[in-house]
1. Within the stretch 131-138, is even one residue free of Cβ contacts under 8 Å to residues at least 60 places away in the same chain and surrounded by fewer than 23 Cβ atoms within 10 Å (Cβ to Cβ)?
2. Return a yes/no flag: does the stretch 303-319 have any residue that is within 23 Å of the chain's Cα centre (by Cα), on the phi < 0 side of the Ramachandran plot, in contact (Cβ under 8 Å) with a residue 40 or more places away in the chain and not in a loop (DSSP other than H, G, I, E, B).
3. Scan the stretch 271-286 for residues that are surrounded by 19 or more Cβ atoms within 10 Å (Cβ to Cβ) and modelled with pLDDT of 95 or more and jot them down.
4. Can you find, within the stretch 330-360, the residue that is surrounded by the most Cβ atoms within 10 Å (Cβ to Cβ) among those that are over 20 Å from residue 105 (Cβ atoms) and touching a helix residue (DSSP H, G or I) at 6+ places or on another chain (Cβ under 9 Å)?
5. Taking residue 242, is it within 30 Å of residue 293 (Cα to Cα), assigned to a strand (DSSP E or B) and in contact (Cβ under 8 Å) with a residue 24 or more places away in the chain?
6. Tell me the strands (runs of 3 or more DSSP E) entirely within the stretch 139-237 that contain at least 2 residues that are closer than 30 Å to residue 122 by Cα and either touching a residue at least 40 places away in the same chain (Cβ under 8 Å) or out of contact with any strand residue (DSSP E or B) (no Cβ under 8 Å at 6 or more places or on another chain) (or both).
7. I'm checking my understanding of the structure. Among residues of the stretch 251-262 that are closer than 13 Å to residue 116 by Cβ and in contact with a strand residue (DSSP E or B) (Cβ under 7 Å, 6 or more places away or on another chain), which one is surrounded by the fewest Cβ atoms within 10 Å (Cβ to Cβ)?
8. So which strands (runs of 3 or more DSSP E) stay within the stretch 1-104 end to end and still have 3 or more residues that are surrounded by fewer than 21 Cβ atoms within 10 Å (Cβ to Cβ) and touching a residue at least 24 places away in the same chain (Cβ under 8 Å)?
């Protein structure tokens, strides 16, 4: 099976476009045209994981945390030993990270289900990339030229599609003043001409570039261009999860369930954790999601589970119970679920979760 085939399925599960702007997801190491029949899943790339992958003859690793965050100036055994070793071992590396956090069925949904939440909703909805809808009015015989200029400037791209647009016919009216130099008509005479309204989306960052391209290509002295801000809101996609349990449970019972699901023997507790209160509304945020506590609290959460939280955030979250299970411990339980999904979606691919991948912190 080609590496690129595995990448496509991973991208289908958690589109790279859903990742945070600062993140680095997708195929980070290796040759997309190479082949493998074994995939290993882990949270962090380490010497132990690479050795385990080599022993298992896995040609690809899905590392939840990207081993490459910043641009590399060199790939040597000294500068980036783990990436160098993976390359030398012909092991491709793909990362999902924050794109897997926000999607339905991702790390936060797995964490929510482990606590008994069946209809959890995102704490913070995913808004997607800042987009604009751009509309321009053009003579019918200029439609193709104007549209191509917009596409070349970066407009009309939607997921796996490009050159996306919509057009409709209508009548445009105008009256040039004596200083105008109109393509059609003359000064102080009202005109009504057939026009096509051409619409497409574009990233906000490219809106100015697209508008400039339209003006340069358009035959009108003053082409009418509309720019309307818009956002994407995919259903059920967002950071963290919150919901109500089927029935209230005691804090001690919930903590036992969390320990069993994550495989840890101890938790860091903060907030209202002094009494064995009953819990009804539960929230969670895998990884370093301590800052989501404000929105969780505002939505009625009585218990918030995360990987780690800053000291002062823990102090401020005193009205609910906060439990920290360790950064990667809150994420690792999603790997088994992901491995099962990949096995069903990619027939012939042997998928396994690393047994040597572990949280760097231990309590002694």
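The values are calculated or read from the model by the stated rules, or taken from the named source; none is laboratory data. Just so it is clear, the model here is predicted, and its values are computed rather than measured. Here the Cβ is made from the backbone with ideal geometry for all residues, glycine too, and neighbour counts use every protein chain on show.
1. Residues of the stretch 131-138 free of Cβ contacts under 8 Å to residues at least 60 places away in the same chain: none.
No, the stretch 131-138 contains no residue that is free of Cβ contacts under 8 Å to residues at least 60 places away in the same chain and surrounded by fewer than 23 Cβ atoms within 10 Å (Cβ to Cβ).
2. Yes, the conditions are met somewhere in the stretch 303-319.
3. Matches in the stretch 271-286: 279, 282, 283, 284, 285, 286.
4. Here the residue is 354.
5. Numbers: within 30 Å of residue 293 (Cα to Cα): yes; assigned to a strand (DSSP E or B): yes; in contact (Cβ under 8 Å) with a residue 24 or more places away in the chain: yes.
Judged against the criteria, residue 242 is a match.
6. In the stretch 139-237, 191-203, 225-230 are the strands (runs of 3 or more DSSP E) which contain 2 or more residues that are closer than 30 Å to residue 122 by Cα and either touching a residue at least 40 places away in the same chain (Cβ under 8 Å) or out of contact with any strand residue (DSSP E or B) (no Cβ under 8 Å at 6 or more places or on another chain) (or both).
7. Ranking the candidates gives 255 first.
8. 26-29
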